[in-house]
Each structure stands twice: as C-alpha cells, then as structure tokens.
Amino acid sequence: MTTMATAAPARASQAWYKILYVQVLIAIFLGAVVGCLWPSLATNDWIKALGDGFIKLIKMVIAPIIFCTVTSGIAHIQDAKKVGCVGVKALFYFEIVSSFALLLGLVMGNLVQIGHGLAVKPDAAAVANYVKQAEASKTVDFFLNIIPDSVVGAFARGDVLQVLLFAILFGFSLMALGKRGERLRGMIDDVAHAVFGVIAIIMKAAPVGAFGAMAFTVGKFGPAALGNLIGLIALFYATAALFVVVVLGLIARLVGFSIFKFLVYIKDEILIVLGTSSSESALPQLMEKLERLGCSKTVVGLVVPTGYSFNLDGTNIYMTLATLFIAQALGVDLSFNQQLTILLVAMLTSKGASGVTGAGFITLAATLSVVNPALVPGMAIVFSIDKFMSEVRALTNIIGNGIAAVFVSWWEDELEHGTLQARLNQPTVSTTIDPTSTMK
C-alpha cells in the first residue's frame with residue numbers, strides 16, 4: 001500500500017471568497033436567479049456552453065487519470081490475486097447496497113403515494129427517443145461493449161469501463177515485467193502528476209461551469225415546469241437523503257467515521273455535481289481526495305470507476321420511486337409480483353447507466369417496458385422535471401461511490417485510519433487538488 005501523510009500541511013487561512021466551494025455555491029445561486037428572472041438570457045447557447053464546456057474539460061482528463069491510477073496501483077503490488085479479491089468484494093458490496101437503494105425507493109413510493117389524484121394526459125412523443133434507446137439496449141450488449149474495438153478508440157470516446165479494462169490488463173503486464181517495468185511505471189506516475197496538475201487548473205473554472213449549467217436548467221425548465229410535480233421532487237430528495245444518512249451512514253459508522261464529516265470533506269465535489277448535474281464532473285478530484293483520505297490507491301482506482309456503472313444508488317432509488325409514481329398517476333395497480341419484478345429488472349437495467357445526465361431516464365424507460373408496457377407513455381409525466389431529479393441522482397451516486405471506496409479499503413485492511421481521522425477532523429477549508437500529493 002502507498003504511504004501517505006497523516007495530516008494536512010499547515011497553511012494560511014484563505015479569504016472566504018477564494019474558497020472553491022464558496023465560489024461554486026455563489027455561482028449556483030446566481031445561476032438560479034438569472035434563470036428565474038431572465039429565462040431568455042439563461043437559455044442562450046453561450047450560457048449553456050459554460051456548463052457544457054466545463055463538463056467536457058473534466059471528461060477530457062478522466063480517461064488518462066483512470067488509466068494512470070489503475071495501472072500504477074496494480075503494477076506496484078506483488079500479488080495478482082489481490083486485485084481479483086478487491087474486484088469481487090467491490091461487486092458484492094455494489095449489489096448489496098444497490099438492493100437497499102431499490103428497496104428504499106419502493107417502500108417510500110408505497111408509503112407516500114404522491115402520484116394518486118394527479119390528472120395527466122401523457123404525451124408518448126415527448127419520450128419516444130428515450131424509449132427507442134432503452135429498447136435498443138440489451139444486457140449482453142452492455143458487457144460486450146466493455147471490450148473496446150481498439151485501445152485508441154476507448155481513450156478517444158472516454159469510455160470509463162473500456163479504459164478501465166485496458167488499464168487492468170496493462171497493470172498486470174507491468175507487474176509481470178518486474179524490474180524491467182520500473183522505468184515505465186515511473187513514467188506513468190509522472191504523467192499522473194501532470195494530469196492532476198491539469199485538473200487543478202480546470203477546477204478554477206468550476207464556478208463558471210456551475211453558473212452556466214444552473215442558469216440554463218432553471219431558465220429552460222424553471223419554476224413553471226415544477227407545477228404539481230413538486231411533491232415527487234421533494235419525496236425523491238427526502239428518500240435520497242434518508243439513504244445517505246441511514247444506509248451509507250451505518251456503513252460509515254461500521255468503518256469508524258461520521259458520514260457528515262465525510263460529506264464536509266467532499267463538499268467541493270458535491271457542489272460541483274449539484275451545479276452540473278453530472279457525477280463525472282467530480283470523478284478525478286474525488287479519486288484524488290480518497291487517496292489522500294487514506295484509501296488504497298489500488299482500491300480507489302478499481303472501485304470508483306467501476307462504481308460509475310455498477311453502483312448507482314441514486315439512479316436505483318429514482319427508478320423504483322418514479323415507476324410507482326407513474327403507475328399511481330395513470331391509475332395502474334401494481335401487484336406484489338410486479339413490484340418484485342421492478343426490483344429485479346431495475347437491478348439489471350441500472351448497470352448500463354453512467355454518470356452522464358439523462359442516463360437515469362433511459363434506464364427508467366427500459367424498466368417500465370419490462371414491468372408493464374402500458375406505463376411507458378407515463379414517462380412524459382416526469383419528463384419536464386427530470387433535470388431537477390438528475391441532480392440528486394448524481395449527488396447520491398458520487399457519495400455512494402466515495403463510501404464504497406472507503407469501505408472496500410477497510411475490508412481489505414488497506415485503510416489508514418490515522419490519515420482518515422486526521423483528514424476528516426481537520427478545520428474546514430477548501431481542499432483543492434494538489435498534484436504533488438498523489439501517486440506517491
């Protein structure tokens with residue numbers, strides 16, 4: 001395992017307006033104000049480009065970061081079985097926690113039947129494109145697509161799982177080379193330092209990206225789009241919060257730390273995700289912070305990228321909750337067996353979702369078409385508010401993947417508890433990326 005410092009270096013306190021999460025929070029507020037008061041301005045292509053451009057900048061460096069982190073982590077260990085053990089434990093954890101997320105959404109949907117009495121006339125044409133994408137996707141295709149047509153193509157498209165597969169194979173190859181691979185391992189570590197430096201530069205634009213994304217969202221879908229569906233949004237936010245505090249909180253307590261301190265530790269990433277509605281926008285910085293928190297570099301490199309397709313807790317809650325809401329709004333009574341089918345089907349369809357905005361809506365279409373095709377047109381009911389719900393999906397997903405990396409590190413006895421406590425208990429400051437602190 002890598003050796004890491006047990007405490008953050010002392011530094012002068014920053015002025016409040018220079019702290020990243022404060023800047024992002026102000027930008028989100030200003031974006032919401034501009035979206036409400038000047039919707040025509042907020043929906044301008046250039047305003048939209050601010051958010052889209054920031055996300056593209058982050059996605060630009062995701063592939064090299066995953067490759068360098070995973071390859072280096074595997075190449076520096078001696079036992080190949082250890083990597084397989086980490087992978088099996090991570091997948092087992094994903095399935096257990098995902099089941100709790102699905103079940104919680106189902107329970108809350110039955111207890112708070114917010115969809116009853118909602119008079120709607122769903123427009124199937126509004127969601128036809130999502131339904132078509134859902135029908136075209138098959139589980140076997142998802143697994144086949146993990147294998148890239150070419151290595152260059154995987155990096156060019158930025159496909160996380162394809163890059164992860166190649167990085168694992170390349171890491172094992174370097175491991176087998178032994179001393180002959182030391183120079184290449186050192187080069188990969190140096191590249192990682194440089195890429196993290198690029199991320200540190202990009203993160204300075206986070207407030208601009210958050211402003212653009214929030215202004216466009218509120219301007220286009222804004223207050224009028226909420227209407228009577230505000231109850232579903234509130235229920236979804238409450239259910240996601242309950243999952244984070246109770247389920248993830250218990251997991252954190254088992255490891256020996258507070259979920260609330262962890263949320264404070266990753267506050268920058270949470271606010272960036274809130275502003276952009278994409279959990280991918282904070283992936284590189286989250287991986288770096290987890291390593292600094294005392295997690296094994298190998299575990300972080302394997303668990304976090306894999307979790308973006310296999311551990312989507314927010315998406316799971318959304319699918320069961322939205323399915324019940326649509327059924328209630330359309331007056332369709334779902335039997336116990338059909339609700340059990342929702343759990344089983346959603347467990348499979350959610351595996352094809354990624355951290356990109358809109359993926360949860362596509363997986364919802366796939367789930368509805370299997371459970372009861374009559375429910376598919378009802379997707380139009382939640383179409384107008386999906387953008388607002390995608391934010392909490394992304395937030396829950398990134399928090400869940402962070403906790404997963406810490407838990408698997410603890411399970412592997414690769415978690416430095418002294419570093420964990422020192423980082424979580426340090427004074428609240430903005431924790432931006434330090435490219436010299438990684439890959440040691």
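The values are calculated or read from the model by the stated rules, or taken from the named source; none is laboratory data. Only a predicted model underlies this, so the values are computations on that prediction, with no experimental measurement involved. When we count neighbours, we look across all protein chains shown, and the Cβ atoms used for this are built from the backbone with ideal geometry, even at glycine. Quick note on the areas: whole protein, heavy atoms, side chains included, nothing else; ligands and nucleic acids left out. Shrake-Rupley method; radii C 1.70, N 1.55, O 1.52, S 1.80 Å.
May I ask you to verify whether residue 247 is modelled with pLDDT of 85 or more, more than 27 Å from residue 53 (Cα to Cα) and surrounded by fewer than 23 Cβ atoms within 10 Å (Cβ to Cβ)?
yes
Test residue 218 against the criterion of being assigned to a helix (DSSP H, G or I), in contact (Cβ under 8 Å) with a residue 24 or more places away in the chain, of a type in the set (A, V, I, L, M, F, W, C) and surrounded by fewer than 19 Cβ atoms within 10 Å (Cβ to Cβ), and give yes or no.
Answer is no for this residue.
With respect to residue 44, is the statement that it is closer than 30 Å to residue 207 by Cα, open to solvent by less than 70 Å² (accessible area, probe 1.4 Å) and modelled with pLDDT of 80 or more true?
yes
With respect to residue 73, determine if the residue is more than 20 Å from the chain's Cα centre (by Cα), at pLDDT below 85, under 18 Å from residue 298 (Cβ atoms) and surrounded by fewer than 17 Cβ atoms within 10 Å (Cβ to Cβ).
So residue 73 fails the test.
Can residue 396 be described as in contact with an Asp or Glu (Cβ under 9 Å, 6 or more places away or on another chain), open to solvent by less than 30 Å² (accessible area, probe 1.4 Å) and at pLDDT 70 or above?
Numbers: in contact with an Asp or Glu (Cβ under 9 Å, 6 or more places away or on another chain): yes; open to solvent by less than 30 Å² (accessible area, probe 1.4 Å): yes; at pLDDT 70 or above: yes.
Spelling it out, residue 396 is indeed in contact with an Asp or Glu (Cβ under 9 Å, 6 or more places away or on another chain), open to solvent by less than 30 Å² (accessible area, probe 1.4 Å) and at pLDDT 70 or above.
Just for helices (runs of 4 or more DSSP H) wholly inside region 100-209: which have at least 3 residues that are at pLDDT 75 or above and among the small types (Gly, Ala, Ser)?
Here the list reads 151-157, 160-177, 182-202.
Of everything in region 253-266, what is open to solvent by 30 Å² or more (accessible area, probe 1.4 Å) and in a helix (DSSP H, G or I)? Give them in sequence order. Reasoning before the result, please.
Within region 253-266, the subset open to solvent by 30 Å² or more (accessible area, probe 1.4 Å) is 253-254, 256, 260-261, 263-264.
Of everything in region 253-266, those that are open to solvent by 30 Å² or more (accessible area, probe 1.4 Å) and in a helix (DSSP H, G or I) turn out to be 253, 254, 260, 261, 263, 264.
Report, by residue number, each residue of region 274-296 that is in a loop (DSSP other than H, G, I, E, B) and modelled with pLDDT under 80.
277, 278
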